[in-house]
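What follows is a short report on a single structure.
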Amino acid sequence: MSPQTPSDQAVVRPGGKLAAHHGWLQAVLAVLAGMIVMGVVAALGLWAAGAADLPSNAFPRVVAATVVMAVGGTIELSGGAGVIADTKAGLTVIPLSVTLAGALVMAAGFLRPLRHRAVAGATELAGWAARIAVLWLLALVALALFARQNFSISLGDGTIGDIGDLFGAAPKVGFRTDVPLTLVFGVLWLVGVLLLALLVSRGAPLPPRLLRFQESVRGAV
């Protein structure tokens, strides 16, 4: 047998107990990698669609809004022309390519520190998932607050423009994230991804009581 190395992601504590290396640093890396990958995929898709030419340097905020929708969040649309008109709407779209990329990276980040092991306690798995969830929630808050933008629409220099100036009816349209819904659905999305990753991966450890279901359940999932 070859000697155990630090790359095995485990250390032996006093008393012979085995503890995995999956602390806050690993959780930060997992969440950061997931966000970066989703942002890159969203940016490439939007760039190909011509969104890079949006006014007011809105492209980064549109990318953030796309990532929000990829994890189940909702974007609220609004528009108005002063006292003349006002409108509000909601946009619920799931960009599946962004969703899939994020799910794969988050699942890999969750499972990587658990590799090379056959058994892990339920408390240990829950604690590891909770670290990722806390950081994921903080990242979602920052993303949701960033994903908002307003655009002013010019009426030109003619009669319509003069009427708009007279009534203070400068048309504006914009979008913003529904923060509470984004946080709720974003966390539910993460829980689903981590749970599915644990059930699907044949190399991921399970609590001792669930080992007898490994072949039957994982094969079906």
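The values are calculated or read from the model by the stated rules, or taken from the named source; none is laboratory data. Note that this is a predicted model, so its numbers are computed, not measured. Only protein heavy atoms, including side chains, enter the accessible area calculation; ligands, DNA and RNA are left aside. Shrake-Rupley method; radii C 1.70, N 1.55, O 1.52, S 1.80 Å.
Descriptive notes on the structure:
- Placed amide H near THR74: partners under 5 Å, 5+ positions off or other chain: ASP178, THR182
- With all protein chains modelled, accessible area of LEU183 [1.4 Å, Å²]: 40 Å²
- Using heavy atoms of the protein chains and a probe of 1.4 Å, the accessible area assigned to VAL191 is about 80 Å².
- Measuring between their Cα centroids, segment 115-145 and segment 25-39 lie 11 Å from each other.
- Rounded accessible area of ARG112 (nearest 10 Å², 1.4 Å probe): 140 Å²
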